[in-house]
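Scroll down for the structure; my scribbles are underneath it.
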Amino acid sequence: MKNEFLCPHCRGYLQVEKNLIFSIETSSNEKGLIFLSPELGNYTMKKNPNFVLNDNDTVTIHCPICHTDLRDKNVHEDLARILMIDMDGVENEIYFSAVYGEHSTYKVSGKKVDHYGSKWDKYLNFFNLSLYK
């Protein structure tokens, strides 16, 4: 069994083949779909070439199924949250930056936080958990 990724609101499946799919809205109200790699720490992205994203622009990330804003303002307004069911059937929370070009991802499982990306240290203190990695 491979990892499965779900919306934390509607629990709809966000992965198709080798892509996580999200609906994005920029601060200038431009809208589009992006495809992200499901591999934690892999920041490969696919999008329409006419959908312009600017570095350091905070985007709103929506579930493509229920259209809920996936940013988790209880942790930080610049972090989106989804769920990952791992190969052992364990549910984990996955947080990732909603700032375009900012590579920071966190896998939260119980009181353990694994971090990925070059900017991993930016949001770590907001989890108030012990660090293992």
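None of Thr58, Thr68, Thr105, Thr44 is crowded, with 17+ Cβ neighbours inside 10 Å and among the hydroxyl-bearing types (Ser, Thr, Tyr) except Thr105.
Of all residues in segment 31-49, those that are closer than 17 Å to Gly12 by Cβ and not in a strand (DSSP E or B) total 1.
For (1) over 11 Å from the mean Cα position of the chain (by Cα); (2) aromatic (Phe, Trp, Tyr); (3) under 23 Å from Ser23 (Cβ atoms), each residue gets a yes or a no:
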position: Asp78; (1), (2), (3): no, no, yes
position: Tyr100; (1), (2), (3): yes, yes, yes
position: Thr105; (1), (2), (3): no, no, yes
position: Val108; (1), (2), (3): yes, no, no
position: Lys112; (1), (2), (3): yes, no, no
position: Lys119; (1), (2), (3): yes, no, no
position: Phe126; (1), (2), (3): yes, yes, no
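Of all residues in segment 71-105, those satisfying the criterion of being assigned to a loop (DSSP other than H, G, I, E, B) and in contact (Cβ under 8 Å) with a residue 40 or more places away in the chain are Val75, His76, Asp78, Asp86, Met87, Gly89, Ala98, Tyr100, Gly101, Glu102, His103.
Listed here are the residues, each with its yes/no results for (1) more than 15 Å from the chain's Cα centre (by Cα); (2) at pLDDT below 95; (3) within 20 Å of Lys119 (Cβ to Cβ).
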residue: Leu14; (1), (2), (3): no, no, no
residue: Asn19; (1), (2), (3): no, no, no
residue: Glu25; (1), (2), (3): no, no, no
residue: Ser28; (1), (2), (3): yes, yes, no
residue: Ile34; (1), (2), (3): no, no, yes
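Consider segment 71-92 and keep the residues that are of a type in the set (Asp, Glu) and surrounded by fewer than 18 Cβ atoms within 10 Å (Cβ to Cβ). The one that is farthest from Val52 (Cα to Cα) is Asp88.
Within segment 16-27, not a single residue is basic (Lys, Arg) and part of a strand (DSSP E or B). Every condition in (1) among the β-branched types (Val, Ile, Thr); (2) farther than 23 Å from Gly12 by Cβ; (3) in contact with a helix residue (DSSP H, G or I) (Cβ under 9 Å, 6 or more places away or on another chain) holds for Val52 except the one numbered (3). Any residue at all in segment 110-127 that's at pLDDT 95 or above, of a type outside the set (A, V, I, L, M, F, W, C) and surrounded by 12 or more Cβ atoms within 10 Å (Cβ to Cβ)? The answer is no; no qualifying residue exists.
The values are calculated or read from the model by the stated rules, or taken from the named source; none is laboratory data. Bear in mind that the values here come from a model prediction, so they are computed numbers and not experimental data. Here the Cβ is made from the backbone with ideal geometry for all residues, glycine too, and neighbour counts use every protein chain on show.
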